[in-house]
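The values are calculated or read from the model by the stated rules, or taken from the named source; none is laboratory data. Computed from a predicted model, the values in this text were never measured in an experiment. When we count neighbours, we look across all protein chains shown, and the Cβ atoms used for this are built from the backbone with ideal geometry, even at glycine.
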Amino acid sequence: MLSVSALSDVPIAYIDEDVDIASAPSLRGLLRAASEGHDGLVVSFERCRYCDVSGIGILLEFQRKFGARFAVVVTREAPFRRVLNALGLLNTLDVFESVESAVARVHSTSGQKHTQSERRVTS
């Protein structure tokens, strides 16, 4: 379900399977383990086709924990991006189209939360 790597000392969690209410508790535990000892996290949904509200709730939980040092990667074509857009979450989560741009954003921040005007999100 999850593989982890790092780039510029930022952990990157790759979600490889669909996320639903049955898999969400495992996802939460795996993201906690991936981020342990770090002050930021990137979660890539590039390989994930589906994520329901239980998974979205976990993303919001980690966004509250890490603030500007949390980013989500969802390609422009991904159905999950349309879900985030429909829920108005592209302006709540830092959503990027590539792991490299997400890591650069997380790496460049010093833990402060940012305003909506600083977000680099397109729908």
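The table that follows gives values for the structure above.
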{"quantity": "Failed item, numbered, when residue 88 is tested on (1) modelled with pLDDT under 95; (2) within 21 Å of residue 2 (Cα to Cα); (3) not basic (Lys, Arg)", "calculated": "(2)"}
{"quantity": "Residue count for the range 35-54, restricted to those that are assigned to a helix (DSSP H, G or I) and free of Cβ contacts under 8 Å to residues at least 24 places away in the same chain", "calculated": "1"}
{"quantity": "Residues that are in a helix (DSSP H, G or I) and among the hydrophobic types (A, V, I, L, M, F, W, C), drawn from the range 67-93", "calculated": "68, 80, 83, 84, 86"}
{"quantity": "Residue check for residue 57: in a helix (DSSP H, G or I), of a type outside the set (D, E, K, R) and at pLDDT below 95", "calculated": "no"}
{"quantity": "Tally, over the range 2-25, of residues that are surrounded by fewer than 14 Cβ atoms within 10 Å (Cβ to Cβ), in contact with a strand residue (DSSP E or B) (Cβ under 8 Å, 6 or more places away or on another chain) and touching a residue at least 24 places away in the same chain (Cβ under 8 Å)", "calculated": "1"}
{"quantity": "Residue count, the range 68-101 (criterion: surrounded by 15 or more Cβ atoms within 10 Å (Cβ to Cβ) and among the acidic types (Asp, Glu))", "calculated": "2"}
{"quantity": "From 64, 32, residue being without any contact (Cβ under 8 Å) to a residue 24 or more places away in the chain, under 19 Å from residue 105 (Cα atoms) and not in a loop (DSSP other than H, G, I, E, B)", "calculated": "64"}
{"quantity": "Hits in the range 102-123 - residues which are surrounded by fewer than 19 Cβ atoms within 10 Å (Cβ to Cβ), in contact with a strand residue (DSSP E or B) (Cβ under 8 Å, 6 or more places away or on another chain) and either at pLDDT 90 or above or not β-branched (Val, Ile, Thr) (or both)", "calculated": "107, 120"}
{"quantity": "Residue, farthest from residue 85 (Cα to Cα), within the range 34-55, restricted to residues that are surrounded by fewer than 19 Cβ atoms within 10 Å (Cβ to Cβ) and touching a strand residue (DSSP E or B) at 6+ places or on another chain (Cβ under 8 Å)", "calculated": "38"}
